[in-house]
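Colleague: Mind looking over this structure? Questions follow.
The values are calculated or read from the model by the stated rules, or taken from the named source; none is laboratory data. Predicted model only: the values in this text are computed from it and were never measured. As a convention, Cβ positions derive from the backbone with ideal geometry for all residues, glycine included, and neighbour counts pool all protein chains shown.
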Amino acid sequence: MSSLRPAISVPAVLDATAQMWSPKLIASINGEYEMKVAKMQGSFVMHAHHTTDELFYVIFGTLRIELEGVEQKEVVLKPGDVFVVPRGVRHKPIVDEGLVEVMLLEKTGVINTGDAQGADAESLTNAVEDVRR
């Protein structure tokens, strides 16, 4: 039987987060999926996750996601919006103005920069910090 963890305040985790594009693990589901939160500002790197979908839920701000290889070339998400990037679809999250706070649902072990390579990807690749108590 699994042990219970205390409830986590998502606003408190985000308030304590200073680094952009640095996901914080807030929950794990069956050891297979992870719920993370992150702050975003500026532009990320174009990338894909070849073995899993990626769910974005916008808490604060406006997030634009450019898409490659599909008919829809971009999606704009506002607070309360959810969007799933299907596995294998190249995508690039962009914050055109201000700051964005998001919740992500991904398979355990997913690297935030996916298949991206090069200096930009290396500078944006961040280990997931487990903030559960």
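Colleague: Take the residues in segment 114-133 that are within 13 Å of the chain's Cα centre (by Cα) and under 16 Å from Glu34 (Cα atoms), then tell me which one is surrounded by the most Cβ atoms within 10 Å (Cβ to Cβ).
Modeller: Gly114
Colleague: Of everything in segment 51-72, what is in a loop (DSSP other than H, G, I, E, B), surrounded by fewer than 17 Cβ atoms within 10 Å (Cβ to Cβ) and not polar (S, T, N, Q)? Give them in sequence order.
Modeller: Within segment 51-72, Asp53, Gly69, Val70, Glu71 qualify.
Colleague: Please go through (1) loosely packed, with under 11 Cβ neighbours inside 10 Å; (2) modelled with pLDDT under 95 for Ala48 and return the number of the only condition it doesn't satisfy.
Modeller: Result: Ala48 passes all but (1).
Colleague: Scan segment 23-45 for residues that are outside any strand (DSSP E or B) and either buried (at least 18 other Cβ atoms within 10 Å of the Cβ) or touching a His at 6+ places or on another chain (Cβ under 7 Å) (or both) and jot them down.
Modeller: Of everything in segment 23-45, those that are outside any strand (DSSP E or B) and either buried (at least 18 other Cβ atoms within 10 Å of the Cβ) or touching a His at 6+ places or on another chain (Cβ under 7 Å) (or both) turn out to be Pro23, Phe44, Val45.
Colleague: Of the residues Val84, Val75, Val102, only one is outside any helix (DSSP H, G or I), surrounded by fewer than 15 Cβ atoms within 10 Å (Cβ to Cβ) and not polar (S, T, N, Q); which?
Modeller: None of the others qualify; the one that does is Val84.
Colleague: Can you tell me how many residues in segment 74-131 are among the charged types (D, E, K, R) and in contact (Cβ under 8 Å) with a residue 60 or more places away in the chain?
Modeller: Summing the residues that are among the charged types (D, E, K, R) and in contact (Cβ under 8 Å) with a residue 60 or more places away in the chain in segment 74-131 gives 7.
Colleague: Across segment 73-131, what is the number of residues that are of a type in the set (Ser, Thr, Tyr), in contact with a helix residue (DSSP H, G or I) (Cβ under 6 Å, 6 or more places away or on another chain) and modelled with pLDDT of 90 or more?
Modeller: Residues that pass the stated criteria total 0.
Colleague: Within segment 45-61, take every residue that is of a type outside the set (A, V, I, L, M) and touching a Pro at 6+ places or on another chain (Cβ under 8 Å) and give me the one that is farthest from Val102 (Cα to Cα).
Modeller: Filtering first and then ranking leaves Asp53.
Colleague: Let me ask you something else. Within segment 72-95, identify whether any single residue is among the hydrophobic types (A, V, I, L, M, F, W, C), within 15 Å of Lys24 (Cα to Cα) and within 15 Å of the chain's Cα centre (by Cα), and answer yes or no.
Modeller: No.
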